[in-house]
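Below is one structure, written out as structure tokens, with a few remarks after it.
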Amino acid sequence: MKFSRIIANSGEWLSGDGPNRHIVVSSRVRLARNLSKKPFPGWAKKAERLEVVKLVKDAVEHLPEMAESYSENLETLSSLEKQVLVERHLISREHAAKGVGSAVVMNAPQSLSVMINEEDHLRMQAICCGLQLDKVYEMINRVDSELEEVLDFAFDSRLGYLTACPSNVGTGMRASAMLHLPGLVMSDQINKIINSVNKIGLAVRGLHGEGTEAMGNLFQVSNQTTLGEAEDEIIGRLNRVIEQIIEHEQNARALLAQRKPITLHDQVGRAYGLLSQAYSMSSKEALNLLSIIKLGIDLCVFPDAHRFPIDELFIETQPAHLQKGAQTQKMSSEERDALRATIIRAKLLQVPQPDIDRLKIPTPATNEKK
Amino acid sequence: MQCDVCQSKEATVFLTQIVEGKMQKVNLCEACSKEKGVNDPTGFALADLLLGIGASQEIEKSPAAVKCGVCGFTQADFKKTGRLGCSHCYEVFAEGIEPMLKNMHKGTTHTGKAPVAYRAARVHGEKIKSLQANLSKAIESEEFELAANLRDQIKQVETELPK
Ligand SMILES: [Zn+2]
Ligand SMILES: [Zn+2]
């Protein structure tokens with residue numbers, strides 16, 4: 001499959017539906033695996049890296065999950081194409097910096113991707129919309145089991161899967177969820193939440209920027225440790241914490257709507273006004289305003305039909321996605337800001353003005369759910 | 001057996017040392033043992049050879065540090081990159097990595113998924129362990145007939161050793 005074809009559509013995790021979709025944007029599980037007794041990518045010589053790429057790529061391409069897939073050596077991808085994959089969360093920033101001796105394979109719905117010779121020989125991920133870590137783990141676990149039949153993975157009966165960095169040893173698993181938390185940010189509770197989650201051995205990070213500086217109110221929660229706990233225990237712990245964060249976010253939104261309706265109306269109105277009228281917009285401003293529109297959709301101020309087009313803008317207004325669709329070879333940042341504003345205006349034209357009377361306060365989460 | 005330091009010559013000096021209540025072993029060839037001053041036990045801290053534990057200046061100066069026999073990685077390389085060279089490095093630098101893992105993680109033993117081959121071995125190991133526990137109980141309570149029976153069972157299970 002060609003790059004242009006795979007990239008023509010948004011990934012399934014963006015366009016699909018899943019539980020708690022209004023707060024949990026996506027769930028993702030990454031597994032690190034290495035071939036036994038072969039130097040890790042960072043230490044291997046070029047010839048050794050090429051050998052691993054050949055071996056692993058062949059195995060991955062033959063997976064039933066990859067029947068329809070895109071598979072490429074990184075040196076044949078332009079830096080722009082690699083950046084597009086980063087913005088879609090399909091490869092890591094570190095992997096995008098690689099060239100000869102590294103590769104990537106992904107399936108057509110972009111729900112599975114395998115980085116070959118990133119920091120480990122294999123970094124494979126499954127990503128899905130909403131909160132469904134168990135399902136995502138099942139997806140990647142199956143791929144792992146299939147690959148295990150043809151590849152000799154480095155494994156120690158006491159330490160588990162062996163990785164280039166000791167911080168990934170054991171399960172080699174990083175499970176994470178991307179959360180949209182405008183309520184907690186607006187009510188100044190986000191730092192409190194971040195601190196308490198960090199205390200129990202999980203990490204919270206802004207997707208673009210840290211803490212209150214996080215752009216677009218997007219945060220990523222993930223496990224920090226990989227040794228001493230089984231996969232389902234790690235995911236169970238993560239699930240419980242995420243469910244609590246969801247509850248806090250819901251309460252914060254309800255409180256905002258009840259006690260500060262003017263502030264909320266004002267914010268939504270301004271976001272709509274700027275996005276639909278501006279002719280130049282930075283990435284930061286766009287992400288923050290789009291986050292408010294997204295909140296508006298959750299609160300029924302905008303029709304739900306516009307959820308996907310707005311979600312898509314979060315990705316489409318990123319620098320590499322803009323450049324990809326541009327006329328000029330290499331846009332200046334002014335040109336980029338102008339193009340970003342144009343794309344957003346065009347989409348906002350389809351979205352009706354905010355209808356404050358339709359605002360529905362989300363039912364505050366209680367313990368007696370279900 | 002190969003020398004742990006130069007990874008080339010035959011080891012003739014076998015050293016065991018207790019560091020912080022933990023037994024550590026190093027095998028050295030004649031030349032390396034002299035160079036490291038093994039004959040002078042106070043001048044040779046075994047721990048210093050190994051990653052993580054108070055890496056002394058002695059080691060930083062020494063070019064002939066422990067090297068991974070598979071990939072040629074040394075602890076100096078680890079200091080530089082914070083990454084290991086290959087999966088075998090975990091065995092070579094085990095004593096140094098251990099305390100690091102303890103600090104980093106929830107535990108020091110993997111309890112999660114294992115490749116199919118290891119899963120069989122794990123089940124097998126647990127089976128033998130439980131039989132042995134029963135055996136010592138039987139011996140303690142002087143049930144010798146049961147003990148003999150259990151011993152036979154253990155022998156039987158041990159021959160079924162999975163690869
Ligand atoms: Zn030697
Ligand atoms: Zn090694």
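The values are calculated or read from the model by the stated rules, or taken from the named source; none is laboratory data. Here the structure is a predicted model, which is why all the values come from computation and not from measurement. Neighbour counts run over all protein chains shown; Cβ positions are idealised from the backbone, glycine included.
Go through the stretch A:169-199 and give me each residue that's in a loop (DSSP other than H, G, I, E, B) and at the interface with another protein chain (Cβ under 8 Å from one of its Cβ atoms).
Filtering the stretch A:169-199 for residues in a loop (DSSP other than H, G, I, E, B) gives A:169, A:171-172, A:181, A:187-189.
Answer for the stretch A:169-199, where residues must be in a loop (DSSP other than H, G, I, E, B) and at the interface with another protein chain (Cβ under 8 Å from one of its Cβ atoms): A:V169, A:T171.
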Worksheet entry | Residue under evaluation A:E87, criteria (1) under 26 Å from A:A230 (Cα atoms); (2) out of contact with any Cys (no Cβ under 6 Å at 6 or more places or on another chain), criterion not met | (1)
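Quick check on my filter: what residues within the stretch A:335-348 are touching a helix residue (DSSP H, G or I) at 6+ places or on another chain (Cβ under 7 Å) and not charged (D, E, K, R)?
Filtering the stretch A:335-348 for residues touching a helix residue (DSSP H, G or I) at 6+ places or on another chain (Cβ under 7 Å) gives A:336, A:339-340, A:343-345, A:347-348.
Within the stretch A:335-348, A:L339, A:I343, A:I344, A:L348 qualify.
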Worksheet item: Given (1) buried (at least 19 other Cβ atoms within 10 Å of the Cβ); (2) under 19 Å from the mean Cα position of the chain (by Cα); (3) farther than 24 Å from A:L31 by Cβ, where does B:P99 come up short, assuming only one miss?
Response: (1)
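Mind telling me which of the residues A:M173, A:M178, A:M215 ends up being under 23 Å from A:Q244 (Cβ atoms) and surrounded by fewer than 24 Cβ atoms within 10 Å (Cβ to Cβ)? Before the answer, list the steps.
Details: A:M173 fails: surrounded by fewer than 24 Cβ atoms within 10 Å (Cβ to Cβ); A:M215 fails: under 23 Å from A:Q244 (Cβ atoms).
Only one candidate qualifies: A:M178.
Being among the charged types (D, E, K, R), modelled with pLDDT under 90 and under 16 Å from A:S4 (Cβ atoms) is the filter here; which residues of the stretch A:307-335 pass it?
Taking the stretch A:307-335 and keeping what is among the charged types (D, E, K, R), we get A:307, A:311-312, A:316, A:324, A:330, A:334-335.
From what is left, the residues that are modelled with pLDDT under 90 are A:324, A:330.
Correct list: A:K324 only.
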Worksheet item: Looking at the stretch A:92-104, which of its residues are more than 15 Å from A:E81 (Cβ to Cβ) and crowded, with 22+ Cβ neighbours inside 10 Å?
Response: none
Worksheet item: Picking from B:Q57, B:Q156, which residue would you name as being at pLDDT 85 or above and either outside the structural domain of B:Q2 (by TED's automatic domain parsing) or away from ligand 1 (no atom under 16 Å from the Cβ) (or both)?
Response: B:Q156
Discussion item. If I filter the stretch A:344-365 for residues that are buried (at least 19 other Cβ atoms within 10 Å of the Cβ) and closer than 18 Å to A:V84 by Cα, do I get at least one hit?
Written reply: no
Worksheet, complete the sentence: When (1) surrounded by 15 or more Cβ atoms within 10 Å (Cβ to Cβ); (2) assigned to a helix (DSSP H, G or I); (3) more than 8 Å from chain A (Cβ to nearest Cβ); (4) small (G, A, S) are applied to B:G69, the one that fails is (2)
Practice prompt. Just give me the residues in the stretch A:135-162 being modelled with pLDDT of 95 or more, surrounded by fewer than 15 Cβ atoms within 10 Å (Cβ to Cβ) and of a type in the set (S, T, N, Q), in sequence order.
Written response: A:S145
Discussion item. Among the residues in the stretch A:43-51, are any touching a helix residue (DSSP H, G or I) at 6+ places or on another chain (Cβ under 7 Å) and more than 14 Å from every other protein chain (Cβ to nearest Cβ)?
Written reply: no
Discussion item. Please list, ordered by residue number, the helices (runs of 4 or more DSSP H) wholly in the stretch A:1-108 having 3 or more residues that are within 16 Å of ligand 2 (Cβ to nearest atom).
Written reply: A:46-61
Worksheet entry | Qualifying positions in the stretch A:92-119 - under 17 Å from A:L207 (Cβ atoms) and touching an Asp or Glu at 6+ places or on another chain (Cβ under 8 Å) | A:S92, A:E94
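Quick one: how many residues across the stretch A:1-11 are out of contact with any helix residue (DSSP H, G or I) (no Cβ under 8 Å at 6 or more places or on another chain) and more than 18 Å from A:L313 (Cβ to Cβ)? Talk me through it step by step, then tell me what you get.
The initial filter retains those residues of the stretch A:1-11 that are out of contact with any helix residue (DSSP H, G or I) (no Cβ under 8 Å at 6 or more places or on another chain), namely A:1-2, A:4-6, A:8, A:11.
Adding the requirement that they be more than 18 Å from A:L313 (Cβ to Cβ) leaves A:1-2, A:4-6.
Result for the stretch A:1-11: 5.
Here is a yes/no grid of residues against (1) part of a helix (DSSP H, G or I); (2) on the phi < 0 side of the Ramachandran plot; (3) within 14 Å of chain B (Cβ to nearest Cβ); (4) not aromatic (F, W, Y):
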residue	(1), (2), (3), (4)
A:M115	no, yes, no, yes
A:D120	no, yes, yes, yes
A:K135	yes, yes, no, yes
A:N141	yes, yes, yes, yes
A:S167	yes, yes, yes, yes
Practice prompt. Within the stretch A:110-128, identify whether any single residue is in contact with a His (Cβ under 6 Å, 6 or more places away or on another chain) and modelled with pLDDT of 90 or more, and answer yes or no.
Written response: yes
